[in-house]
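Beneath this line is the structure, given in structure tokens, with notes to follow.
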Amino acid sequence: EASVSKNSATQFGTLFVADDPLTVGPDPASRSIGRAQGIFALASKEELNLLFGMYFYFTEGKYNGSSVSIFGMNRISQIDRELSVVGGTGVFRLSRGFALTKLYSSNSTTRNAIVEYWLTILHH
């Protein structure tokens, strides 16, 4: 954590890295179908906004071995959030589209959250 982050009401500059299960539902016991891996940073001095880069790598089913990359500003204060699908691999090669998010739960002490992503993807 940078010194600027400690003195900021929005923790500006704080960086996080994720390597989390990608599941079929919001229950942590849901069947795992891959990994959600990426990096995000608190990138606003006025609001809690995350600069967000994540890819979903599938390890099961018909998308096994393929991935989807999303990127954008994740505005924490908004209930409805939209991020860009900026690419993919395998089945999702040359992907474009958008991802809508829904927060199911969060824990500010552990900084963990369960988030649902609905992706609309155009690909070859």
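With a simple spin-label model that places each label point 7 Å from the Cα along the Cα-to-Cβ direction, the separation between A18 and R31 comes to 2.3 nm. Determine the share of segment 75-124's accessible area contributed by carbon and sulfur atoms, expressed in whole percent, with a 1.4 angstrom probe. Roughly 54 percent, rounded to a whole number. When the chain is treated as a GNM with alpha-carbon contacts under 10 Å, the residue of I79, I39, I114 showing the greatest mean-square fluctuation is I79. With R₀ fixed at 22 Å, the C-beta to C-beta distance from E47 to I121 puts the FRET efficiency at about 0.20. The mean accessible area for residues of the chain, using a 1.4 Å probe and ignoring ligands and nucleic acids, is 64 Å² per residue. The residues L94, L83, L119, L48, sorted by heavy-atom accessible surface at 1.4 Å with ligands and nucleic acids left out, run L94, L48, L119, L83 from largest to smallest. Placing unit charges on the Cβ atoms of the charged side chains and taking the dipole of the chain about its Cα centre, the candidate lying farthest along the positive direction among L103, V115, T23 is T23. Surface calculation, 1.4 Å probe, protein heavy atoms: R96 sits at approximately 130 Å² accessible. Solvent-accessible area of K45, all protein chains in place: 140 Å² (probe radius 1.4 Å, heavy atoms, ligands and nucleic acids excluded). A simple charge model with +1 on the Cβ of Lys and Arg, -1 on the Cβ of Asp and Glu and nothing else charged puts the dipole of segment 14-122 at about 220 debye relative to its Cα centre.
In the assembled protein chains, T110 presents an accessible area of approximately 80 Å² (probe radius 1.4 Å).
Looking only at segment 47-86, which residues have a backbone nitrogen under 13 Å from a spot 7 Å from the Cα of A9 in the C-beta direction? Residues 47-48 fall inside that zone.
The values are calculated or read from the model by the stated rules, or taken from the named source; none is laboratory data. What you are looking at is a predicted structure, and each value in this text was computed from that prediction instead of being measured. Heads up, the Cβs are rebuilt from the backbone with ideal geometry, glycines too, and the neighbour counts pull from every protein chain shown. For the accessible areas, the whole protein counts, side chains as well, though only heavy atoms, and no ligand, DNA or RNA atoms are used. Shrake-Rupley method; radii C 1.70, N 1.55, O 1.52, S 1.80 Å.
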